[in-house]
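Student: Structure below; questions to follow.
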Amino acid sequence: MSGDRCDRLDDRTLRPTVRVVVVSAIVLVAVLAVPPAEYTRTDVVDGTDAVGLAAADPDEDIQAVHDRGITGEGVKIGIVGSSFGSYGNLGQGVADRARLHDSGTQLTRDSTSDHGTQVASVVSGSAPDAELYLAEVGESPESHTYRSAIAWLVDADVDVILDAGSYAPTDRGTAAVFGWAAEYTSQQDVLFVTSAGNYGNKHWAGTVEGSGWIPFDRATEANQIGEGAIDGSVSLRLYWESDHPFELYLFKHRSDARDVVVASDTDTDGAVGIDATVPEGSYYAAVRTPEEVAPPEQLRLFSLHQPLSHRDPHESVLEPASTGSVLAVGAATRDELLRADSSRHDSMIAGPGTVETAGGEVIGTSAAAPYVAGTAALVKSADDSLSPEETRELLVSTGDRNGNTTVVDPTDAVSEVEPEADLTERDG
């Protein structure tokens with residue numbers, strides 16, 4: 001995709017020639033799951049030789065399960081991450097690790113604060129006797145790299161795959177690999193757990209028709225990025241389903257002059273994206289279509305780093321959480337309400353949005369997803385006859401409900417499959 005444009009606008013409210021019809025849910029494209037091509041491991045490290053890292057301390061609910069002797073023994077968990085700086089033994093739990101990309105970055109064995117290491121730490125704290133398989137895919141994995149990671153983990157005969165990240169591809173081909181991963185793992189009897197994402201306040205959706213500039217409400221075609229002045233990285237993604245052309249713009253607002261286009265992108269492939277580094281100022285996103293939209297088209301706009309002024313948290317998930325067969329995990333507060341920034345998805349479950357690890361505090365769905373994956377491992381350890389779908393349904397049915405939020409309950413989930421171990425009546 002290409003096409004930087006230098007159009008200017010006189011003000012932040014553009015002349016409306018498009019009207020908002022309704023906000024609706026994402027439409028998914030079916031992906032045929034087929035076996036992947038042979039994967040390539042560019043680097044393999046024996047986890048037993050790595051620097052050790054303490055697992056996250058289990059909370060009261062997880063500890064209650066551990067006290068009954070259920071610790072994830074006999075279960076294999078695969079973790080997909082950009083890197084694992086101190087992948088360590090995590091309580092002697094790392095069975096294998098593969099670097100499935102070749103970015104040229106040297107491995108760092110003494111960092112406890114990178115995302116992948118912290119995620120693995122939360123998993124290990126929840127299921128300390130499970131075997132961990134770590135698949136490193138790099139910061140921006142290519143489609144073949146992600147397929148290789150999933151294939152390697154399936155070949156390792158893991159029971160659960162966890163990816164606590166979110167991906168925002170700018171083409172349909174890359175997006176399709178996540179649908180493939182979800183379907184392929186389901187066919188291979190593997191439960192796929194993923195982060196729902198932290199885009200609850202960074203997402204807008206609407207169905208539009210007409211042509212020209214698209215309003216985000218009845219009167220405004222500018223969607224402010226951030227709360228006040230911002231600087232640094234700005235990343236925008238616009239998604240739709242048809243081959244209709246749409247243009248995405250990043251504008252800088254200037255009170256004493258015309259607003260100026262900082263960056264733009266246009267395509268007919270269902271996705272456009274902008275990644276820019278900006279100086280301090282006030283910025284907003286705008287969307288335009290040069291052709292009449294008919295029939296009405298659903299658009300979804302994401303700001304990957306800053307909140308949007310016009311937002312819609314419903315179905316605010318990116319890949320791979322948008323695929324139906326995965327277990328998407330939202331982040332809950334201590335009051336078992338969804339965090340304001342947690343993405344929403346109709347079929348998701350929530351976990352604790354804050355977990356303390358040796359590398360610091362993990363926040364959001366990056367904490368919740370590994371907690372739920374570890375809980376799934378405990379359930380599987382208590383009853384290894386459960387299928388991925390049965391495990392998923394059990395976690396949801398035994399969760400604590402608070403309005404529209406269902407928060408995982410490890411003690412009730414394990415008690416459901418091992419009733420003779422009454423986990424709710426702990427010895428003092």
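The values are calculated or read from the model by the stated rules, or taken from the named source; none is laboratory data. What you are looking at is a predicted structure, and each value in this text was computed from that prediction instead of being measured. Here the Cβ is made from the backbone with ideal geometry for all residues, glycine too, and neighbour counts use every protein chain on show. Calculation scope for accessible area: heavy atoms of the full protein, side chains included, ligands and nucleic acids excluded. Shrake-Rupley method; radii C 1.70, N 1.55, O 1.52, S 1.80 Å.
Student: Are any of the residues in region 214-227 buried (at least 17 other Cβ atoms within 10 Å of the Cβ) and closer than 30 Å to D163 by Cα?
Tutor: yes
Student: Could you count how many residues in region 301-332 are open to solvent by less than 30 Å² (accessible area, probe 1.4 Å) and either closer than 14 Å to R344 by Cα or not in a strand (DSSP E or B) (or both)? Steps first, please.
Tutor: Applying the first criterion (open to solvent by less than 30 Å² (accessible area, probe 1.4 Å)) to region 301-332 yields 301-303, 306-308, 312, 315-318, 320-323, 326-332.
Then keep just the ones that are either closer than 14 Å to R344 by Cα or not in a strand (DSSP E or B) (or both); that gives 302, 306-307, 312, 315-318, 320-323, 326-332.
Qualifying residue count, region 301-332: 19.
Yes/no matrix, rows are residues, columns are (1) at pLDDT 95 or above; (2) surrounded by fewer than 19 Cβ atoms within 10 Å (Cβ to Cβ); (3) under 22 Å from F246 (Cβ atoms):
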residue	(1), (2), (3)
A175	no, no, yes
F178	no, no, yes
Y184	no, no, no
V190	yes, no, no
V193	yes, no, no
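Student: A164: under 17 Å from the mean Cα position of the chain (by Cα), surrounded by fewer than 22 Cβ atoms within 10 Å (Cβ to Cβ) and within 26 Å of V122 (Cα to Cα), yes or no?
Tutor: Numbers: under 17 Å from the mean Cα position of the chain (by Cα): yes; surrounded by fewer than 22 Cβ atoms within 10 Å (Cβ to Cβ): no; within 26 Å of V122 (Cα to Cα): yes.
No.
Residues checked against (1) in contact (Cβ under 8 Å) with a residue 40 or more places away in the chain; (2) more than 24 Å from A135 (Cβ to Cβ):
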| position | (1), (2) |
| --- | --- |
| A156 | yes, no |
| A168 | yes, no |
| G173 | no, no |
| E183 | yes, no |
| I214 | yes, yes |
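Student: Which residues, taken from region 336-347, are more than 18 Å from D59 (Cβ to Cβ) and either open to solvent by less than 30 Å² (accessible area, probe 1.4 Å) or not hydrophobic (A, V, I, L, M, F, W, C) (or both)? Give the derivation first.
Tutor: Residues of region 336-347 more than 18 Å from D59 (Cβ to Cβ): 338, 340-347.
Residues satisfying the conditions are D341, S342, S343, R344, H345, D346, S347.
Student: Sticking with this one: Identify the single condition in (1) farther than 27 Å from A175 by Cβ; (2) modelled with pLDDT of 90 or more; (3) charged (D, E, K, R); (4) open to solvent by 20 Å² or more (accessible area, probe 1.4 Å) that D243 does not satisfy, given that it satisfies every other one.
Tutor: (1)
Student: Which one of these is open to solvent by less than 10 Å² (accessible area, probe 1.4 Å) and of a type outside the set (S, T, N, Q): V414, V355, V396? Walk me through how you get there before you give the answer.
Tutor: On the way: V355 fails: open to solvent by less than 10 Å² (accessible area, probe 1.4 Å); V396 fails: open to solvent by less than 10 Å² (accessible area, probe 1.4 Å).
Only one candidate qualifies: V414.
Student: Go through region 266-280 and give me each residue that's in a loop (DSSP other than H, G, I, E, B) and open to solvent by less than 20 Å² (accessible area, probe 1.4 Å).
Tutor: First, pick out the residues of region 266-280 that are in a loop (DSSP other than H, G, I, E, B): 268-270.
Residue satisfying the conditions is G270 alone.
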